[in-house]
Every structure is written in structure tokens, then in C-alpha cells.
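Colleague: Pasting a structure below so you can have a look.
Quick note: the coordinates plus some simple rules give every number you see, no bench work behind them. Everything numeric here is computed off the predicted structure, so don't read it as measured data. Counting neighbours? That spans all protein chains shown, and the Cβs are built from the backbone with ideal geometry, glycine included.
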Amino acid sequence: QVQLVESGGGLVQPGGSLRLSCTASGSILSLDIMGWYRQPAGKEREVVATINIGGSTKYADSVKGRFTISRDNAKKMVYLQMNSLNVEDTAVYYCNVNRLLSGRNYWGQGTQVTVSS
């Protein structure tokens, strides 16, 4: 069982930056993919970025060059550095662990990011 807790969301002006953090409790396995998803109001949840234990990353096209995902395996944490934020980035951001061995997904409770002037 994995529990995830996000932090770092808030209100930021267009062009600003935020850093999200996610702390995992329970076992994180070597094949687990950690990532960030987001869900704008009234829309479906979408992947933002993922990272495996070796540090290989994938990004949604909409955030490439602006967002950076990183992972601290020893601390069981994953981060999302978000730069050059725009209003389209406004959403609830969720931390995710995708357990490839079982096919199960674990989710945090979400943290709101609002980009507004």
C-alpha cells in the first residue's frame, strides 16, 4: 500500500514559478513509475510528467521546456518544478505511483494550482 501527500500548490501570476512536492509512505518498488497528473475544472485528468527510478522522464507536449520532474528515491519523494506558468496550467495537480508489477495506480489527494493575474 502506498499513500501520497502533495504540497506546494497555490496562486501564482502568469510567468511565475511553483514547485510541487510529493511524499510517499509505504514501499516504492524499483519498477514503480512516479508522476504528476493534472485535472483542470470540468476536464479530464491528464498526464503532466513521469519519471522512473533511473531518472528517465517523459513530459506532456504542453509543459516541455517549462516543467521539470525529479525524484529522490531515498526519500521516496517526487517533485515538479513549474516555470513560466500560464493560465492554462490552472488545475488540481495529483501525484501518482504506477505500480507496473500489479497494474495498480496510487493517487494523492491533489493540490490546487491557480495561475491568475
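Colleague: Using Cα pairs under 8 angstrom and six or more residues apart, how large is the relative contact order of the chain, in percent? Could the numbers behind the result be given before it?
Modeller: Details: 292 pairs, mean separation 42.7, N = 117.
Across the chain, relative contact order equals 36 percent.
Colleague: Find, among the GluC sites (Glu not before Pro) in the stretch 1-98, those assigned to loop by DSSP (not H, G, I, E, B) with at most 12 other beta-carbon atoms within 10 angstrom. Before the final figure, lay out the partial values.
Modeller: Numbers: sites: 6, 44, 46, 88; in loops: 44.
Passing sites in the stretch 1-98 are 44.
Colleague: Hey, another quick one. Taking the simple approach of a point 7 Å from Cα along Cα-to-Cβ for both residue 45 and residue 72, what is their distance in nm?
Modeller: Placing both labels 7 Å along Cα→Cβ, they lie 2.5 nm apart.
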